[in-house]
Amino acid sequence: MAESILSLSGVRADIDQYHILHGVDLQVPKGELTVLLGRNGAGKSTTLRTIMGLTTVTEGKVRFRGEDITGQPTPRIARKGIAFVPENMGIFSLLTVRENMVLAAVDGPMDPARLDWVFDLFPPLKKFWNRAAGNLSGGQKQMLAIARAIIEPRELLLVDEPTKGLAPAIINDLAGAFEQLKQQQVTVLLVEQNFNFSRRLGQSAAVMNDGGVVWSGQMTELAENDDLQHELLGLGLGEHQ
Amino acid sequence: MLNGMFNRILSGDYPRSRALSVLLVLIGVCLALGPFLFPGVRAFSMLGMICVFIIVVASYDLMLGYTHIVSFAHTMFFGIGAYGVAMSTDAFGSGFGAVFIGIGGAIVMSVLLSLLLGLLSLRVKAIFFALVTLAVAFAFLSLVTQLYNITGGEDGLAVRGPRELGPAFRPFDSKVPGFSVVDFIAGVFTQGSIGQAFNDAVFEVRVNGRHLMYYITFAISLAVFLFLLRMVNSPFGRVLQAIRENEFRAQALGYRTVFYRTAAVIVSAVLATLAGVLFALINRYVNPENTLNFELMVFILLMCVIGGMGTLYGAVVGTAVFLLAQNYLQDLLGLLVSNAEPGSLFAELAGPDRWLLWFGLLFVLSVYFFPSGIVGQLRLWAERRRERKAAPAASPLKQES
Amino acid sequence: MSAHDEMIGQPARPRGVLARFAAFREDKPHVFLLLLMMAVALVLMDPRTWVLLTISGLAMGAMVFLMASGMTLTFGLMNVLNLAHGAFISLGAFAGASVLVWLSRQASEPSLLINLAAILPALGFALVVAGLLGLVFERLVIKPVYGDHLKQILVTVGGSIIIMELIHVVWGPNEIPVPRPEALTGAFLLPDALPVIGGVALEKYRLIAVVLGLAIYGLMTWIIERTRVGILIRAGVESREMVEVQGYRIRLLFLGVFVAGSALAGLGGAMWAMYREIITAHMGDELMISVIVVIILGGLGSIKGCFYGAVLVGLINLYVGYLEPRLAAVATVGLMVGVLMWRPQGLIPVIKV
């Protein structure tokens, strides 16, 4: 098992006056794609946001590459090499595709070779380079959101439900992009509701419920065990609340 | 039994702090017996202003403190009431009939304007609303200042009120004795003989129509205050507070928040108009500066916040404190610089004309460090004292919900 | 592949004059309103007066644009309502006026070049003083109340009082006359031979104000549209959080925008001082009303909207000021209310409030 590039221990987090995370323990192995599963409201998105420093951590520690990043301001966390693709994609709809990408390249002008690679992955971005990002279709916006996260080499990618609301053909394209990232040994923490997508890409998996991680292990373990799936995710027939 | 009576009068909304209760009783007594406790024109005028502005500030607190609606148009409604009476007595003579015509017209205009503002708040979000009210109030001020023929422009109008409310009217001939507490205390220290100080402190009051007007104002002020207290503790008031806490949630619960907000604005506006009417009759002179000025609007804001937003009692305390300070702080500052070199930086900074500078500074500091105002702070201290008395041992660990 | 090559959100081409007119009114409400106003005014007065008033209106608009641009950016980007903005305008006016008085020898020379030796320091000093105060103000007063609009209103109103009182302390409580530099006084006389507008006297200062306003508008637009900082600002107006997620310290950007906005307010104040030739500490209060109308009219966070809003406010002030002077302020506010009913987000909305 690879070493952990990211670890959460006993993390409790609040949004306003609500307690959302009740002690999350999570290890994300380096160089692998880890899927974070769970029902709606389990706290998956909040976990990602907490790693990025967008929520208030009341207890526990978040460690990245061994360094304690709990409570640090979001820009500093991002600069350490963590990219975040939020649930609503977070692209700037009033800016053009080009301007979105320029902003994403924090360290200076974009590397042409890397940009070509991004265009290979997501051809529509090249076609609509100078269009306002708000005019793109849902799938194209998602491509832009991911392209932004990978235009500069990052060590950790946090991606929140990229397939939500997308057509199967586009989901296929996205899967291909993630496969390439896996080949490049980029660590990905992927929050997903789409179990098939997760099963196809995930190497490790963790399941959340009620603000805590209730199971973690290899993806194959979960994929081959129908009872486990049913118990943790409510998948299959005869599910009960 | 007495407790029950208090409960009903105050609508269950007690001061909740002994210090505050004492303060309120003190203010109440001073206002009730004011003309017979404080001699002189200046003091009498200030008592009247305090009564009038308690209405203004308390109605403002309904919007600001209880519904978190920031409006800069409150002076506009105040001015409508004042000018309504001024213009109608100017046009129709000084009988009570003219006064009531003025009141009626002013209230109609206020209701219409506040409806317009409520409608605007439908179209624009909260933060726009504050700015829009500022602009609308300015437009109104400009209109009043420009229409010289009707409103007297910058010179304003003298208010010839009914004779019964004026200085010439004598309800009874005998003179009523008054006793000046301040003079008595000062006399005890300067003269040493209590008896002598006592004699010096007694003064005579020739009760006239102005005293009548004052007591009408006092009574209305008290009535309005208790009415507002009843209103904020009623179901309507609770919806306002729900809107204040989280408007979205209030809407989700099924309340048509726009109606409630507009209702709060209308009630607030009408009460301010009423205060304006009383102001015109008491002060006997209205002009844009003493009714519609932006500076006056800021003063109302100051009084509400310094007293304590969302408490209503804060309006009473804040008004009294502010008006006293405004009047006597200047004297104090004047005393401070009387020995300083004229023209020096110290004289410039601490001169009586710069009282607003220090007040502004105190205001800003109080927003940071005492955001709950005087009343809020007194209640907080009282609550802490009660908690300490109830649990002298170590505080229990907080359970997570 | 072709399914997601399509673009959504492209408007269909309109046909027919009426449809095109409606589309124009929808797409470019700012231009529509501007042309409408100018046309109505032209009908109500003779052409020569119209030319005079339009130039004056544009001049006023240019100066109000300077004052308002800072506030719209500050509010759009930082979601901060700074009601002390008027005090910055006043401060800039007094600072600029002081330098002009101090360098009155250079200012009273007829040569423009020598005048500039007084004008440029005056404007520069106004910029710097207002900018510095902006820096101190943001760190000290605004920062503790980020996110709380109510408290922002309270402390900035208090701050405004304090600043204006301090102006009284430093410069005295009376109004101060401001000497307009010699080369900028007077007017160009258009030759009588010109048709329609012949014989009109165009005040030099007003033309300069228009030119300067356009130049700064152009500069700001260039910065916003072409530079990285501009992209950051536009992104931040949309979502502060996502800008931070990308790794930018948006707090520094806030500070920079606030300082720039305050400096521009000071510059506008100094320009206004030379325009009106008399200043009081409370001039900022009155101009704030125009600023508020402009930013609400134009749309918060939009420089273009701010410019058009300012031009509209300047024009309506001058037009109504001529036709019925008593209603000038009412007309300005009425314009704002009217536009709000038509377009609740303003003419060129950038952010959804």
Any hit, the range C:292-302, residues being surrounded by fewer than 24 Cβ atoms within 10 Å (Cβ to Cβ) and at pLDDT 90 or above: no
Just to check your reading of the model, which residue among B:Ala73, B:Ala98 is surrounded by fewer than 23 Cβ atoms within 10 Å (Cβ to Cβ) and small (Gly, Ala, Ser)? B:Ala98
Any hit, the range B:185-204, residues being among the acidic types (Asp, Glu), surrounded by 14 or more Cβ atoms within 10 Å (Cβ to Cβ) and free of Cβ contacts under 8 Å to residues at least 40 places away in the same chain: yes
Of the residues in the range B:111-150, those that are in contact with a Leu (Cβ under 7 Å, 6 or more places away or on another chain) and either without any contact (Cβ under 8 Å) to a residue 40 or more places away in the chain or surrounded by fewer than 18 Cβ atoms within 10 Å (Cβ to Cβ) (or both) number 5
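Just a yes or no: is a residue in the range C:214-221 closer than 30 Å to C:Leu166 by Cα and assigned to a helix (DSSP H, G or I)? Quick ask: steps written out before the conclusion?
Step one: filter the range C:214-221 for residues closer than 30 Å to C:Leu166 by Cα, giving C:216.
Those left that are additionally assigned to a helix (DSSP H, G or I): C:216.
Yes, the range C:214-221 has at least one match.
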Would you check if there is a residue in the range A:160-179 being of a type in the set (Asp, Glu), within 15 Å of the chain's Cα centre (by Cα) and within 14 Å of chain C (Cβ to nearest Cβ)? yes
Pair list, Cβ < 8 Å and 6+ apart or interchain, from the range B:286-297 residues that are over 18 Å from B:Trp355 (Cβ atoms) and among the hydroxyl-bearing types (Ser, Thr, Tyr) to residues that are modelled with pLDDT of 90 or more and assigned to a helix (DSSP H, G or I): B:Thr291/B:Thr75; B:Thr291/B:Phe78; B:Thr291/B:Gly79; B:Thr291/B:Ala82; B:Thr291/B:Tyr83; B:Thr291/B:Gly276; B:Thr291/B:Phe279
Taking the criterion of being out of contact with any helix residue (DSSP H, G or I) (no Cβ under 8 Å at 6 or more places or on another chain) and either within 13 Å of chain C (Cβ to nearest Cβ) or over 30 Å from C:Leu297 (Cβ atoms) (or both), would at least one residue in the range B:83-93 satisfy it? yes
The range A:146-159, subset at the interface with another protein chain (Cβ under 10 Å from one of its Cβ atoms) and not in a loop (DSSP other than H, G, I, E, B), residue farthest from C:Glu238 (Cα to Cα): A:Leu158
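With respect to C:Ser104, determine if the residue is within 30 Å of C:Val128 (Cα to Cα), of a type outside the set (A, V, I, L, M) and at pLDDT 90 or above. Outline the logic, then answer.
Working: within 30 Å of C:Val128 (Cα to Cα): yes; of a type outside the set (A, V, I, L, M): yes; at pLDDT 90 or above: no.
Against the criterion (within 30 Å of C:Val128 (Cα to Cα), of a type outside the set (A, V, I, L, M) and at pLDDT 90 or above), C:Ser104 does not qualify.
Quick check on the range C:325-345: of everything there that is facing chain B (nearest Cβ under 9 Å) and either surrounded by fewer than 17 Cβ atoms within 10 Å (Cβ to Cβ) or of a type in the set (Gly, Ala, Ser) (or both), which residue is nearest to A:Gly134 (Cα to Cα)?
C:Pro344
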Every residue in the range B:332-352 that is crowded, with 16+ Cβ neighbours inside 10 Å and not in a loop (DSSP other than H, G, I, E, B), please. B:Leu333, B:Val337, B:Ala347, B:Glu348, B:Leu349, B:Ala350
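Does the range B:309-331 contain at least one residue that is assigned to a helix (DSSP H, G or I), out of contact with any helix residue (DSSP H, G or I) (no Cβ under 8 Å at 6 or more places or on another chain) and over 24 Å from C:Lys151 (Cβ atoms)? Please lay out each step first, then the result.
Here is the first cut: in the range B:309-331, the ones assigned to a helix (DSSP H, G or I) are B:313-331.
Adding the requirement that they be out of contact with any helix residue (DSSP H, G or I) (no Cβ under 8 Å at 6 or more places or on another chain) leaves B:328.
Okay, now just the ones that are also over 24 Å from C:Lys151 (Cβ atoms), so B:328.
Yes, because at least one residue in the range B:309-331 is assigned to a helix (DSSP H, G or I), out of contact with any helix residue (DSSP H, G or I) (no Cβ under 8 Å at 6 or more places or on another chain) and over 24 Å from C:Lys151 (Cβ atoms).
State all residues of the range A:47-69 that are farther than 15 Å from A:Leu156 by Cα and either assigned to a loop (DSSP other than H, G, I, E, B) or within 14 Å of another protein chain (Cβ to nearest Cβ) (or both); if no residue qualifies, say none.
To start, the set of residues in the range A:47-69 that are farther than 15 Å from A:Leu156 by Cα comprises A:54-61, A:68.
Scanning the range A:47-69 gives A:Leu54, A:Thr55, A:Thr56, A:Thr58, A:Glu59, A:Gly60.
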Filter the range B:321-372 down to the residues that are of a type outside the set (A, V, I, L, M), more than 21 Å from the chain's Cα centre (by Cα) and away from chain C (no Cβ under 14 Å) and list them by number. B:Asp331, B:Gly334, B:Ser338, B:Asn339, B:Glu341
Residues to consider are B:Val108, B:Val57; find the one that is free of Cβ contacts under 8 Å to residues at least 60 places away in the same chain, at negative phi and more than 14 Å from chain C (Cβ to nearest Cβ). B:Val108
Residue in the range A:202-211 that is exposed (fewer than 14 other Cβ atoms within 10 Å of the Cβ) and either of a type in the set (Ser, Thr, Tyr) or at pLDDT below 90 (or both) present: yes
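Filter the range C:24-37 down to the residues that are in a helix (DSSP H, G or I) and surrounded by fewer than 16 Cβ atoms within 10 Å (Cβ to Cβ) and list them by number. Give the derivation first.
Step one: of the range C:24-37, the residues in a helix (DSSP H, G or I) are C:24-27, C:29-37.
Those that are in a helix (DSSP H, G or I) and surrounded by fewer than 16 Cβ atoms within 10 Å (Cβ to Cβ): C:Phe24, C:Arg25, C:Glu26, C:Asp27, C:Val31, C:Phe32, C:Leu35, C:Leu36.
Considering each of A:Leu157, A:Leu222 in turn, give the residue that is of a type in the set (A, V, I, L, M) and modelled with pLDDT of 90 or more.
Values: A:Leu222 fails: modelled with pLDDT of 90 or more.
From the options A:Leu157, A:Leu222, the qualifying one is A:Leu157.
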Could you give every pair whose Cβ atoms fall below 8 Å, whose first residue belongs to the range A:114-131 and is within 12 Å of chain C (Cβ to nearest Cβ) and under 16 Å from A:Gly176 (Cβ atoms), and whose second residue is of a type in the set (Asp, Glu) and surrounded by fewer than 14 Cβ atoms within 10 Å (Cβ to Cβ), counting only separations of at least 6 or pairs across chains? A:Pro124/C:Asp5
Identity of the residue in the range A:70-113, polar (S, T, N, Q) and closer than 29 Å to A:Val28 by Cα, that ends up nearest to the other protein chains (Cβ to nearest Cβ): A:Thr74
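Taking helices (runs of 4 or more DSSP H) that do not extend beyond the range C:46-123, which have at least 2 residues that are in contact with a helix residue (DSSP H, G or I) (Cβ under 8 Å, 6 or more places away or on another chain) and buried (at least 24 other Cβ atoms within 10 Å of the Cβ)? Let's see the steps before the verdict.
Numbers: elements: C:47-78, C:85-102, C:104-107.
Here the list reads C:47-78, C:85-102.
From the list B:Val321, B:Val316, B:Val364, which one is buried (at least 21 other Cβ atoms within 10 Å of the Cβ) and among the β-branched types (Val, Ile, Thr)? Explain how you work it out, then say what you get.
Working: B:Val321 fails: buried (at least 21 other Cβ atoms within 10 Å of the Cβ); B:Val364 fails: buried (at least 21 other Cβ atoms within 10 Å of the Cβ).
Matching residue, one of B:Val321, B:Val316, B:Val364: B:Val316.
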Out of (1) assigned to a helix (DSSP H, G or I); (2) within 12 Å of chain B (Cβ to nearest Cβ), the one C:Tyr322 does not meet is (2)
With the first residue restricted to the range C:168-188 and required to be within 14 Å of another protein chain (Cβ to nearest Cβ) and part of a helix (DSSP H, G or I), and the second required to be hydrophobic (A, V, I, L, M, F, W, C) and surrounded by fewer than 17 Cβ atoms within 10 Å (Cβ to Cβ), Cβ contacts under 9 Å at 6 or more apart or on different chains are C:Val169/B:Leu345; C:Val169/B:Leu349
Given the conditions (1) within 30 Å of A:Leu94 (Cα to Cα); (2) away from chain A (no Cβ under 14 Å); (3) touching a strand residue (DSSP E or B) at 6+ places or on another chain (Cβ under 9 Å), which single one is not true for C:Ile278? (1)
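If we keep just the residues of the range C:233-253 that are within 7 Å of chain A (Cβ to nearest Cβ) and assigned to a helix (DSSP H, G or I), which is farthest from A:Asp107 (Cα to Cα)? It would help to see each step written out before you state the result.
Going residue by residue through the range C:233-253, those that are within 7 Å of chain A (Cβ to nearest Cβ) are C:234-235, C:238-239, C:241-242, C:244-249.
When the remaining residues are screened for being assigned to a helix (DSSP H, G or I), the result is C:234-235, C:238, C:241-242, C:244-245.
On the way: C:Arg234: 19, C:Ala235: 17, C:Glu238: 22, C:Glu241: 19, C:Met242: 17, C:Glu244: 14, C:Val245: 14 Å.
Step by step, filter the range C:233-253, then rank; the result is C:Glu238.
The values are calculated or read from the model by the stated rules, or taken from the named source; none is laboratory data. A quick note: this is a predicted structure, and the numbers were derived from the prediction, not measured. Methodologically, a virtual Cβ is constructed for each residue, glycine included, from the backbone with ideal geometry; neighbour enumeration extends over all protein chains shown.
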